[in-house]
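Enquirer: My questions will all concern the structure given below.
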Amino acid sequence: MPELDVLTQSELPPADTKRWVTRRKAEVVAAVRNGLISLEDACHRYHLSIEEFLSWQRQIERHGLPGLRVTRTQDYREISLNK
């Protein structure tokens, strides 16, 4: 999604986000990749572990945005394990 590449601070998900839909996860990953926010700041702001953030990043790299869907995560993990 090209529009994710041009996020601003005001467009980031709120710090108190509880429901992590695909788009919000992708926005945070794009913000870190583009230097809008550091990995450490993102993890602190959103109460994420580094491992959780990195798993979002890996899922995007391997499967695109559909890889971030919670209901599909197990399917993608099984595919990755069977390779």
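The values are calculated or read from the model by the stated rules, or taken from the named source; none is laboratory data. Keep in mind it's a predicted model, so treat the numbers as computed, not measured. Note that we place each Cβ from the backbone using ideal geometry, even for glycine, and neighbour counts take in every protein chain shown.
Enquirer: Name the residues in segment 28-52 that are within 15 Å of R69 (Cα to Cα) and crowded, with 19+ Cβ neighbours inside 10 Å, would you?
Expert: V28, V29
Enquirer: Further, regarding this structure: Which residue, of I60, I50, is touching a Leu at 6+ places or on another chain (Cβ under 9 Å) and in contact (Cβ under 8 Å) with a residue 12 or more places away in the chain?
Expert: Numbers: I50 fails: in contact (Cβ under 8 Å) with a residue 12 or more places away in the chain.
Criteria check complete, one pass: I60.
Enquirer: While we're looking at this one, here's another question. Looking at segment 13-41 only, could you name the residues that are assigned to a helix (DSSP H, G or I), without any contact (Cβ under 8 Å) to a residue 40 or more places away in the chain and of a type in the set (A, V, I, L, M, F, W, C)?
Expert: Answer for segment 13-41, where residues must be assigned to a helix (DSSP H, G or I), without any contact (Cβ under 8 Å) to a residue 40 or more places away in the chain and of a type in the set (A, V, I, L, M, F, W, C): V28, V29, A30, A31, V32, L39.
Enquirer: What is the one condition in (1) modelled with pLDDT under 95; (2) part of a helix (DSSP H, G or I) that H44 does not satisfy?
Expert: With (1) modelled with pLDDT under 95; (2) part of a helix (DSSP H, G or I) applied to H44, the lone miss is (1).
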